[in-house]
């Protein structure tokens, strides 16, 4: 048996053989045209070589670097439009012709770990004139040598120009950094130096000592103040007021006048009434003296009266201004000590602020030192950059005397004849025939693969195995005795060699479906896959096995095929489909020649097939068939044309899909299987119809002829 790939190719060849033959003919015709073409004229190949060179002695790093870069010229640079156009003008050839006929071999850059590549550039040029070929190659070499020198000189000039462009800016940045350091040192350097030599810490220590000395002095003054206050019985403010009032002569005079007036009032009070003019005048003199006393006291005390008891009565003023000289001296000492104490308190506060300022300044010294170090590092960096630029500029100017071309002529042009051997017409035609066979066969195989159909039963079997769908049987292709286009091949004869395949199909169906399997729905993904053939012959095999079998044609969109079972349908009875299916005596026919086989022919074609399939008459027919028959086979339409198989599916116990090589589409079968399995519609399995199976037809058995000695002899 041939492999599956050979079968697929033979099937595709049978379908697309004319396309393959056309492809074969086109390739053979092309090879014939090539074979009869005249020989091309003799051409000449001029070859030469350029070598990378460098100066014998190099004094500058820039010159060495430029020469090294000059040895990495690419093919695009050496064969630029500028080079080709200048050479074309010189040799009087079109630039396009030179570009098409010149070939350049540039040495590849050596990889790490490998040896250096040969520094040779191969140049080849093809032309029909040997002299012109030699001149063209020589002109190309000279132009490339000049181009290399121009590139090196241009690189050096670009380096010098770039350095000259950046040097002024680098110098300005260096000067700005130096000025920044100078300004910083002018402001912060004294403090940093004071911290570094210890004078700042020494100043803090001196300030602390002065604070302690002032505090000791304040303690002594506080003791003296307390002693004087105890002796005088006055506070500092009271002592100041009493001392000032007691020392003023005007206040003493006014006080004596008030005493005199009071004395006169006391003397005259016994003799005169208060309303007496003299008494009134004396009281007015007293009031005037007291008022003047208060005003003078306010003037003497000073400060706008804030320190003196200005609101006090004249009696209080008189009592505060009667200090004797000794007490007045003590009061002055008390006031002087308070003034000295206030002065020392101010000095102490100033010293505390000075210490805090010194400590704050000392705490900032590390940051100032870091900032100065940063500025110094910035100056060093910018100076290093500036020095490098100056050194690079000097080196680049030194390299001006060393920069030359990196190419030299290693081998002058040599011209050789490039004559090709004559073509062999038989060999060309033979090669064309072989290519034609390969192309034609490939086209046939490609067209067959692009169809998307299963070519062999092995393809269908593998696809079902991947989807874990049971294979119920493989049915061979049966011949049709009737030449009618609607005839269905059947196994009505009990001696048919095809019966055993359908019997195997029936037994596998019974084994997988179980004892409760009574109604089987048979469908396919598309037409011409043999679902009706499988349904009819499965019914015949079931009836031959002694099972009361009924075939119901539920494909109401097509005509009935019952003529293939020798059943004649009364078309007048199918005019009203609902009435037809409602009467069992009208719709069920006995198949002649096959015992136990019955059929319900289709009433189609009808327009509203879905309404009939979902009608109560169809439901009663299905229920009655399930009760009266051992096996009911539902021959439905295809899944790709309508949903009729899914409408009739609830009446069945399981579904069987029919597939056929060279007819069943791969994607349609896969989608149908996945949909039926996911929807749990009871897919029992698949049967392959029209499989490539060789069926042996048995020869008729002749009657045995017994020899005379074995014949029975009648007795007496």
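The values are calculated or read from the model by the stated rules, or taken from the named source; none is laboratory data. All of these numbers come straight from a predicted model, not from anything done at the bench. Quick reminder, even Gly has a Cβ in these numbers, built from the backbone with ideal geometry, and neighbours come from all protein chains shown.
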Name the residue, out of 619, 607, that is under 60 Å from the mean Cα position of the chain (by Cα), farther than 19 Å from residue 533 by Cα and assigned to a loop (DSSP other than H, G, I, E, B).
-> 607
Just one of the numbered conditions (1) modelled with pLDDT of 90 or more; (2) more than 60 Å from the chain's Cα centre (by Cα) is not true of residue 573; which one?
-> (1)
Is it true that some residue in the stretch 553-568 is assigned by TED's automatic domain parsing to the domain that holds residue 498, under 15 Å from residue 522 (Cβ atoms), under 60 Å from the mean Cα position of the chain (by Cα) and not in a loop (DSSP other than H, G, I, E, B)?
-> yes
What is the number of the single condition among (1) surrounded by 17 or more Cβ atoms within 10 Å (Cβ to Cβ); (2) in a helix (DSSP H, G or I) that residue 602 does not meet?
-> (2)
Exactly one of 218, 232 is modelled with pLDDT under 85, in contact with a helix residue (DSSP H, G or I) (Cβ under 6 Å, 6 or more places away or on another chain) and closer than 30 Å to residue 334 by Cβ, and that residue is 232
Of 280, 265, 250, which residue is touching a helix residue (DSSP H, G or I) at 6+ places or on another chain (Cβ under 6 Å), modelled with pLDDT of 80 or more and over 30 Å from residue 337 (Cα atoms)?
-> 265
Out of 178, 182, report the one residue that is at pLDDT 85 or above and in contact with a helix residue (DSSP H, G or I) (Cβ under 9 Å, 6 or more places away or on another chain).
-> 178
Some residue of the stretch 574-583 being in a loop (DSSP other than H, G, I, E, B), closer than 28 Å to residue 514 by Cβ and either outside the structural domain of residue 471 (by TED's automatic domain parsing) or touching a residue at least 12 places away in the same chain (Cβ under 8 Å) (or both) | no
Got a sec? Which of 84, 77 is crowded, with 20+ Cβ neighbours inside 10 Å and either modelled with pLDDT of 80 or more or in contact with a strand residue (DSSP E or B) (Cβ under 9 Å, 6 or more places away or on another chain) (or both)?
-> 84
Considering every residue within the stretch 514-527, establish whether at least one is assigned to a helix (DSSP H, G or I), within 17 Å of residue 652 (Cβ to Cβ), touching a residue at least 12 places away in the same chain (Cβ under 8 Å) and in contact with a strand residue (DSSP E or B) (Cβ under 9 Å, 6 or more places away or on another chain).
-> no
State yes or no: is residue 195 farther than 16 Å from residue 333 by Cβ and either at pLDDT below 85 or in the same structural domain as residue 296 (by TED's automatic domain parsing) (or both)?
-> yes
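Here's the yes/no breakdown for (1) more than 30 Å from residue 358 (Cα to Cα); (2) crowded, with 17+ Cβ neighbours inside 10 Å:
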residue	(1), (2)
135	yes, yes
143	yes, yes
161	yes, no
168	yes, no
190	no, no
195	no, yes
198	no, no
208	no, no
If you scan the stretch 623-651, which residues turn out to be out of contact with any strand residue (DSSP E or B) (no Cβ under 7 Å at 6 or more places or on another chain), surrounded by fewer than 21 Cβ atoms within 10 Å (Cβ to Cβ) and not in a loop (DSSP other than H, G, I, E, B)?
-> 623, 624, 627, 628, 646, 647, 650
